[in-house]
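The next block holds one structure in the form of structure tokens; read it before the comments.
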Amino acid sequence: MPDTNNSAFRRMFTKGRIGITAVALGVLLSGCAETQLAVHGAKRLGGGQSQPTQVGHYKIGNPYEIAGQWYYPAVDYEYSETGIASWYGPKFHGKKTANGETFDQYEISAAHRTLPLPSVVRVTNLENGRSLKVRVNDRGPFAHSRIIDMSRRAAQLLGFEKKGTAKVLVEVVELDSKQMAAIAKGEAAPTVAVSAAEQKTVTAAPRDTVETVRLDDGPITDSGEPTTSKIILTPPPSTQANVEQNSLEGTIEEAAVISVEPVTTSAIYVQAGAFSIYDNALNLRNRLYDMGPSKIEPIEVKGTTFYRVRLGPLNTVPEADILLERVIATGQNGAKVVVECAENVGGAPKSSSVC
């Protein structure tokens, strides 16, 4: 049974047949260029396009405590975090989300502990390079070692439904989030133009290098067993032309875009704490010394240097879960699982990859 933590998340777009347009698939295999998959069956906002079928109410919420850990919901358009994602489905299907919508495991959505509801985030699977914009409409997950809970459909599209978890990067999409917030508040939604990156990825490849493929999404059972979805190279011939034309007009009608980029090596760590005073970080590291290899990492946050105490690297999510519980048992309730990317892989700079 895949890892499923409590929370829900749901519909970013309307339901429909899923189609995938892969640009320059051969280039991706060589690890040289970004590839885009346009997934049809969902309508993006902006440029007069359709709004989500469900909107729910806008919610930030007060600070709350679960299992000894405090969470502080807030607007944060600079939010970016690496960690472990999980997914959930049958247990919550049809139930209400935190902002009053109805969770549908077959739609693209997510749950987050502190971001405003609704928000839009880009979730990147650091293990395969796939990334997808997802609408956040619920609270969770509340296991210490997870940073976002994806709907079953979103987990399928990001390629980790069968595995149950994935190392991910989660980033707020500011313009889309502001637009969603305005709609939920009943205000006029600001126009969100297609970014230059999205236009480039949809239109850059010559027609003779583009293959259109379809994801044949068979029934998703409630048993928790993975489906046998397959990519079939027999799509409607007009799909790519429609995507290209709509992109040139400033919108991508009925499309959510999955980006696929080369990935670099990443590792899992348990972050025991972060301190503005180095000696405090050193004291914590000394207390946890016998639990395994550890290091102190400095990081600049809005002009202030913090010192992070991290244990690892760990090879698997279960190993990280066990170590995390041991660290929390020492009184470090704010400890969490994080993902750290290698600085260089084969001489390639870190900035050249999704990590």
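From the residues in segment 145-161 that are aliphatic (A, V, I, L, M) and not in a strand (DSSP E or B), which one is surrounded by the most Cβ atoms within 10 Å (Cβ to Cβ)?
The qualifying residue surrounded by the most Cβ atoms within 10 Å (Cβ to Cβ) is Ala155.
Restricting to segment 91-102, give me the number of residues that are in a loop (DSSP other than H, G, I, E, B) and either touching a helix residue (DSSP H, G or I) at 6+ places or on another chain (Cβ under 8 Å) or more than 30 Å from Ala320 (Cα to Cα) (or both).
5
Hey, can you tell me all the residues within segment 98-121 that are among the β-branched types (Val, Ile, Thr) and open to solvent by 10 Å² or more (accessible area, probe 1.4 Å)?
Across segment 98-121, the qualifying residues are Thr102, Ile108, Thr114.
Can you tell me which residues in segment 84-125 are without any contact (Cβ under 8 Å) to a residue 60 or more places away in the chain and farther than 24 Å from Pro63 by Cβ?
Selection gives Gly94, Arg122, Val123, Asn125.
Just to be sure, is Pro262 over 17 Å from Ala329 (Cα atoms) and touching a residue at least 40 places away in the same chain (Cβ under 8 Å)?
So Pro262 fits the description; yes.
Every residue, every condition in (1) within 18 Å of Val263 (Cβ to Cβ); (2) open to solvent by less than 10 Å² (accessible area, probe 1.4 Å); (3) of a type outside the set (A, V, I, L, M), yes or no:
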{"site": "Lys91", "(1), (2), (3)": "no, no, yes"}
{"site": "Lys96", "(1), (2), (3)": "no, no, yes"}
{"site": "Ala143", "(1), (2), (3)": "no, no, no"}
{"site": "Lys163", "(1), (2), (3)": "yes, no, yes"}
{"site": "Val168", "(1), (2), (3)": "yes, yes, no"}
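Need at least 1 residues that are at pLDDT 85 or above and farther than 30 Å from Val134 by Cα per element, so show me which strands (runs of 3 or more DSSP E) inside segment 229-330 make the cut, counting only ones lying wholly within it.
266-275, 294-301, 304-314
Select from segment 54-89 the residues that are in a loop (DSSP other than H, G, I, E, B) and among the acidic types (Asp, Glu) and write down the one among them that is most open to solvent (accessible area, probe 1.4 Å).
Filtering segment 54-89 for residues that are in a loop (DSSP other than H, G, I, E, B) and among the acidic types (Asp, Glu), the one most open to solvent (accessible area, probe 1.4 Å) comes out as Glu78.
The values are calculated or read from the model by the stated rules, or taken from the named source; none is laboratory data. Computed from a predicted structure; not experimentally measured. Cβ: placed from backbone, ideal geometry, glycine included. Neighbour counts: every protein chain shown. Quick note on the areas: whole protein, heavy atoms, side chains included, nothing else; ligands and nucleic acids left out. Shrake-Rupley method; radii C 1.70, N 1.55, O 1.52, S 1.80 Å.
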